Amino acid sequence: MEKFVTLSAIAAALPEANIDTDKIIPARFLKTTQRTGLGKHAFDAMRYLPDGTENPDFVLNQQPWRKAEILVTYDNLGCGSSREHAPWALLDFGIRCVIAPSFADIFFNNCFKNGILPIRLPREICDELMGDAQMGSNARLTVDLPRQVVIRPNGEEVPFEIDAFRKHLLLEGLDDIGQTLKHEANITTYEKRQDQAKSWLPTIHFD
Amino acid sequence: MAARTLFDKIWDDHVVETLPDGTSILYIDRHLVHEVTSPQAFEGLRLAGRKLRHPDRTVAVVDHNVPTSDRSQPIEEADSRNQIETLERNVKEFGVPYFPLLSANQGIVHVVGPEQGISLPGMTIVCGDSHTSTHGALGSLAFGIGTSEVEHVMATQTILQRPAKNMRVNVEGTPGAGVSAKDIMLAIIGHIGTAGGTGHVIEFAGSAIRGLDMAGRMTICNMAIEAGARAGLVAPDETTFEYVRNRPFAPKGEGFEQAVAYWKSLATDGGAHFDREVTLRAEDIGPTLTWGTSPETVLAITDTVPDPAQQTDEGVKAQMQRMLDYMGLTAGQKIAGTPVDVVFIGSCTNSRIEDLRMAAQIAAGRKVAPGVRAMIVPGSGNVKRQAEEEGLDRIFLDAGFEWREAGCSMCLGMNPDRLTPGQRCASTSNRNFEGRQGPGGRTHLLSPAMAAAAAVTGCLTDVRELA
């Protein structure tokens with residue numbers, strides 16, 4: 001996983017609540033066995049017209065937002081399915097940071113696993129950042145993860161919260177399986193204890 | 001010890017270790033795997049040279065992509081075939097128990113798990129699918145995870161999580177005629193909203209919930225995710241134990257009695273703290289359906305479509321208008337009488353034998369309206385066989401319904417079962433998002449009985465008029 005330390009990039013505003021994972025990547029594109037290559041279908045229904053050409057009204061089809069790496073939306077971003085194809089599609093498009101007043105839980109988790117930083121900020125601040133994002137090629141926000149601030153084009157710094165463990169994994173680009181396996185002895189101890197306490201618990205074997 | 005909720009007890013019982021920042025390593029008893037969200041996880045294991053820690057706590061099945069038509073024929077769609085074949089190679093390589101396409105036990109993972117006794121009360125259960133919340137109906141902590149987490153569970157049999165907050169939704173009283181678990185759950189989502197449960201695990205309680213059979217409880221917990229919750233739970237009781245008893249992979253004999261004693265100890269203690277509590281009266285809930293493109297946009301079948309002009313927030317107003325335009329509805333129109341093109345009875349929400357019986361009761365002796373395509377997709381091969389033993393297939397076929405093979409089908413249109421642009425569908429599934437059942441498709445979520453009523457009248461109909 002790529003590290004996330006600081007990001008200074010074009011931000012795009014999608015002023016909608018409840019942008020669901022079907023909207024981020026429709027189910028018919030989930031038939032891949034790869035993590036990459038989904039960027040061209042990110043926001044497919046919004047991005048393309050029925051004849052397959054680009055919808056010129058959609059922000060990510062316009063300059064400079066075709067190069068957006070930060071997305072600002074309203075509440076409950078990523079609701080719906082658990083498909084990690086949603087953050088994969090965003091990442092493949094080039095998005096490294098998503099900012100919203102609230103996120104659906106699974107999508108929020110999935111972002112971290114892919115080096116995408118999800119930031120919760122109050123609705124009023126999201127409105128201000130969306131205003132910043134309208135400033136064309138000046139629509140640059142800077143995200144400073146070590147200091148936990150978003151820096152607006154006017155220099156104002158907006159602080160944000162993040163779990164210490166997740167921050168550590170992002171800053172170092174660490175795979176959390178490797179981290180958990182450092183605790184393997186404790187997992188084995190737990191399993192032995194559980195096998196005794198719940199001896200009735202079946203394991204699954206097919207003949 | 002302080003009074004604890006059902007969720008607290010299952011959680012505490014599965015914490016391997018809590019890290020300094022409050023994240024816990026949570027042990028996972030069952031990992032359910034399907035073809036869509038697993039290939040990249042297996043590939044990750046392979047690339048890192050890691051083993052799958054517990055194939056004996058893992059079960060795989062194909063459901064999302066599979067055709068629901070004649071299975072003696074090869075799968076036509078190359079990318080679907082590839083995903084299924086990839087799963088078959090992976091389960092072989094990693095030794096995972098697997099229900100293949102042609103197994104009588106194949107079906108939707110959230111139907112198969114409980115049906116086989118693979119999912120049991122008190123367990124932690126995960127699957128790379130958000131509707132894993134279904135299994136919470138057994139009184140297990142069950143939630144959907146992303147593919148990176150699938151790989152994490154494969155490698156470690158654990159997951160990294162912070163404890164959720166506790167929420168309780170009580171539904172008290174006796175549901176009226178024509179009101180099933182689906183109507184109750186749609187009413188709950190309408191009441192608390194699609195983000196109403198975010199960060200919470202919802203325990204469903206109250207006399208109306210306790211009165212539901214297991215299929216009804218699964219319908220409720222299935223859609224906990226549509227209320228934004230991490231998981232849904234119903235406390236295990238005699239209904240649960242009778243359901244689990246004698247399932248193929250459930251404990252037997254003395255083991256079963258030990259298990260029941262443990263499961264009984266899991267009920268929420270009196271005085272346990274809930275961060276949020278909501279109570280609905282079952283008598284206030286009528287046959288319910290959605291009008292928009294979010295599961296929270298619900299109304300009673302007797303209602304009219306809401307008017308954006310009555311909203312004060314400009315953003316909400318615009319979003320409502322967009323939904324009306326997408327759905328081809330007009331503010332103020334009566335929802336009943338709206339013509340439908342397709343009826344889909346199936347999905348992990350409503351494809352169990354009890355659901356099919358409710359639909360058959362309405363379909364019996366009637367005919368699918370001219371011009372309507374109506375399909376029944378049983379949740380598993382076992383559900384299909386049982387329905388055929390009960391003669392339900394004859395009722396449906398005589399009425400003009402399609403009687404299909406088990407799978408996720410038109411819930412999400414990953415297989416050929418898809419809406420075409422502009423088609424309106426009365427669907428027993430769980431999501432009415434734009435394009436969910438096919439690009440441009442219009443979905444109304446409703447109960448199996450209401451779906452059958454729409455099939456035979458050709459329009460959204462108050463099922464009570466057909467009773």
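The values are calculated or read from the model by the stated rules, or taken from the named source; none is laboratory data. Just so we're clear, the structure is a prediction, and the values are computed from it rather than from any experiment. Reconstructed Cβ throughout: ideal geometry from the backbone, glycine too, with neighbour counts over all protein chains shown.
Does the stretch B:54-102 hold any residues that are more than 19 Å from B:Gln40 (Cα to Cα), modelled with pLDDT under 95 and within 10 Å of another protein chain (Cβ to nearest Cβ), and which are they?
Hit for the stretch B:54-102 is B:Glu77, nothing else.
Considering only the stretch A:163-207, how many residues are part of a helix (DSSP H, G or I), aliphatic (A, V, I, L, M) and either more than 8 Å from chain B (Cβ to nearest Cβ) or in contact (Cβ under 8 Å) with a residue 40 or more places away in the chain (or both)?
5
Could you tell me which numbered condition B:Ile28 fails, if it satisfies all but one of (1) buried (at least 20 other Cβ atoms within 10 Å of the Cβ); (2) among the aliphatic types (A, V, I, L, M); (3) closer than 21 Å to A:Thr189 by Cβ; (4) within 7 Å of another protein chain (Cβ to nearest Cβ)?
Tallying (1) buried (at least 20 other Cβ atoms within 10 Å of the Cβ); (2) among the aliphatic types (A, V, I, L, M); (3) closer than 21 Å to A:Thr189 by Cβ; (4) within 7 Å of another protein chain (Cβ to nearest Cβ), B:Ile28 fails exactly one: (4).
Against the condition surrounded by fewer than 24 Cβ atoms within 10 Å (Cβ to Cβ) and either part of a loop (DSSP other than H, G, I, E, B) or among the hydroxyl-bearing types (Ser, Thr, Tyr) (or both), how does B:Ala177 come out, does it pass?
Values: surrounded by fewer than 24 Cβ atoms within 10 Å (Cβ to Cβ): yes; either part of a loop (DSSP other than H, G, I, E, B) or among the hydroxyl-bearing types (Ser, Thr, Tyr) (or both): yes.
The answer is yes for B:Ala177.
Only residues that are under 22 Å from the mean Cα position of the chain (by Cα), of a type outside the set (A, V, I, L, M) and surrounded by fewer than 24 Cβ atoms within 10 Å (Cβ to Cβ): list them for the stretch B:362-383, please. Lay out the reasoning, then the answer.
Narrowing the stretch B:362-383 to residues under 22 Å from the mean Cα position of the chain (by Cα): B:374-383.
Next, only the ones that are of a type outside the set (A, V, I, L, M) stay: B:378-382.
Those that are under 22 Å from the mean Cα position of the chain (by Cα), of a type outside the set (A, V, I, L, M) and surrounded by fewer than 24 Cβ atoms within 10 Å (Cβ to Cβ): B:Gly381, B:Asn382.
Filter the stretch B:123-142 down to the residues that are of a type outside the set (Gly, Ala, Ser) and more than 18 Å from B:Val61 (Cβ to Cβ), then identify the one that is surrounded by the most Cβ atoms within 10 Å (Cβ to Cβ).
Per the stated criteria, the residue is B:Leu141.
Just to be sure I understand, how many residues within the stretch B:134-170 are part of a helix (DSSP H, G or I), within 10 Å of another protein chain (Cβ to nearest Cβ) and not aliphatic (A, V, I, L, M)? Outline the logic, then answer.
Initial filter on the stretch B:134-170 (part of a helix (DSSP H, G or I)): B:134-138, B:147-156.
Going one step further and asking which of them are within 10 Å of another protein chain (Cβ to nearest Cβ), we end up with B:147-156.
Now drop any that are not not aliphatic (A, V, I, L, M), which leaves B:147-149, B:151-152, B:156.
Number of matching residues: 6.
With the condition kept exactly as written, say whether any residue in the stretch B:32-42 is facing chain A (nearest Cβ under 8 Å) and closer than 25 Å to B:Ala205 by Cα. Walk me through it before giving the result.
Initial filter on the stretch B:32-42 (facing chain A (nearest Cβ under 8 Å)): B:36-37, B:39-40.
Within this subset, residues satisfying the condition of being closer than 25 Å to B:Ala205 by Cα are none.
No, that holds for no residue.
Output yes when any residue across the stretch B:291-309 is surrounded by fewer than 18 Cβ atoms within 10 Å (Cβ to Cβ) and of a type in the set (A, V, I, L, M), and no when none is. Working first, answer last.
Step one: filter the stretch B:291-309 for residues surrounded by fewer than 18 Cβ atoms within 10 Å (Cβ to Cβ), giving B:302-304, B:307-309.
Keeping just the survivors that are of a type in the set (A, V, I, L, M) gives B:309.
Yes.
Out of the residues in the stretch B:391-414 that are closer than 24 Å to B:Ser80 by Cβ and surrounded by fewer than 24 Cβ atoms within 10 Å (Cβ to Cβ), which is farthest from the other protein chains (Cβ to nearest Cβ)? Steps first, answer last, please.
Residues of the stretch B:391-414 that are closer than 24 Å to B:Ser80 by Cβ, as a first pass: B:402-414.
This time we only want the ones that are surrounded by fewer than 24 Cβ atoms within 10 Å (Cβ to Cβ), so: B:402-405, B:413.
Numbers: B:Glu402: 21, B:Trp403: 24, B:Arg404: 18, B:Glu405: 19, B:Gly413: 6 Å.
Among those that are closer than 24 Å to B:Ser80 by Cβ and surrounded by fewer than 24 Cβ atoms within 10 Å (Cβ to Cβ), it is B:Trp403.
What strands (runs of 3 or more DSSP E) lie completely within the stretch B:260-348 and have 1 or more residues being touching a Cys at 6+ places or on another chain (Cβ under 7 Å) and at pLDDT 95 or above?
Values: elements: B:276-281, B:288-290, B:298-300, B:342-345.
Output list reads B:342-345.
Here are the criteria: (1) more than 30 Å from B:Val305 (Cα to Cα); (2) more than 21 Å from the chain's Cα centre (by Cα); (3) crowded, with 16+ Cβ neighbours inside 10 Å. Tell me which single one B:Val278 does not satisfy.
B:Val278 satisfies all of (1) more than 30 Å from B:Val305 (Cα to Cα); (2) more than 21 Å from the chain's Cα centre (by Cα); (3) crowded, with 16+ Cβ neighbours inside 10 Å except (1).
Being of a type in the set (Val, Ile, Thr) and surrounded by fewer than 23 Cβ atoms within 10 Å (Cβ to Cβ) is the filter here; which residues of the stretch B:152-170 pass it?
At the first step, the residues of the stretch B:152-170 found to be of a type in the set (Val, Ile, Thr) are B:153, B:156, B:158-159, B:169.
Selection gives nothing.
Among the numbered criteria (1) assigned to a loop (DSSP other than H, G, I, E, B); (2) over 24 Å from B:Met123 (Cβ atoms), which one does B:Phe249 miss?
If we test B:Phe249 against (1) assigned to a loop (DSSP other than H, G, I, E, B); (2) over 24 Å from B:Met123 (Cβ atoms), just (2) comes out false.
Which condition does B:Gly371 not pass, out of (1) at pLDDT 95 or above; (2) part of a loop (DSSP other than H, G, I, E, B); (3) touching a Leu at 6+ places or on another chain (Cβ under 8 Å), if it passes all the others?
Tallying (1) at pLDDT 95 or above; (2) part of a loop (DSSP other than H, G, I, E, B); (3) touching a Leu at 6+ places or on another chain (Cβ under 8 Å), B:Gly371 fails exactly one: (3).
Across the stretch A:144-159, which residue is nearest to the other protein chains (Cβ to nearest Cβ) among those that are assigned to a loop (DSSP other than H, G, I, E, B) and crowded, with 16+ Cβ neighbours inside 10 Å?
A:Leu145
Just name the residue that is farthest from A:Ala185 (Cα to Cα) out of those in the stretch B:31-49 that are surrounded by fewer than 17 Cβ atoms within 10 Å (Cβ to Cβ) and not hydrophobic (A, V, I, L, M, F, W, C).
B:Arg46
Exactly one of (1) polar (S, T, N, Q); (2) buried (at least 24 other Cβ atoms within 10 Å of the Cβ); (3) farther than 20 Å from A:Ala27 by Cα is unmet by B:Gln73. Its number?
Single failed check for B:Gln73: (2).
If B:Asp213 satisfies all but one of (1) surrounded by fewer than 21 Cβ atoms within 10 Å (Cβ to Cβ); (2) out of contact with any Asp or Glu (no Cβ under 7 Å at 6 or more places or on another chain); (3) not polar (S, T, N, Q), what's the number of the condition it fails?
B:Asp213 satisfies every listed condition except (2).
Only residues that are modelled with pLDDT of 95 or more and among the small types (Gly, Ala, Ser): list them for the stretch B:397-422, please.
B:Ala399, B:Gly400, B:Ala406, B:Gly407, B:Ser409, B:Gly422
Counting only residues that are closer than 25 Å to A:Gly173 by Cα and modelled with pLDDT of 95 or more, give me the helices (runs of 4 or more DSSP H) lying completely in the stretch A:34-116 with at least 3 of them.
A:85-93, A:105-112
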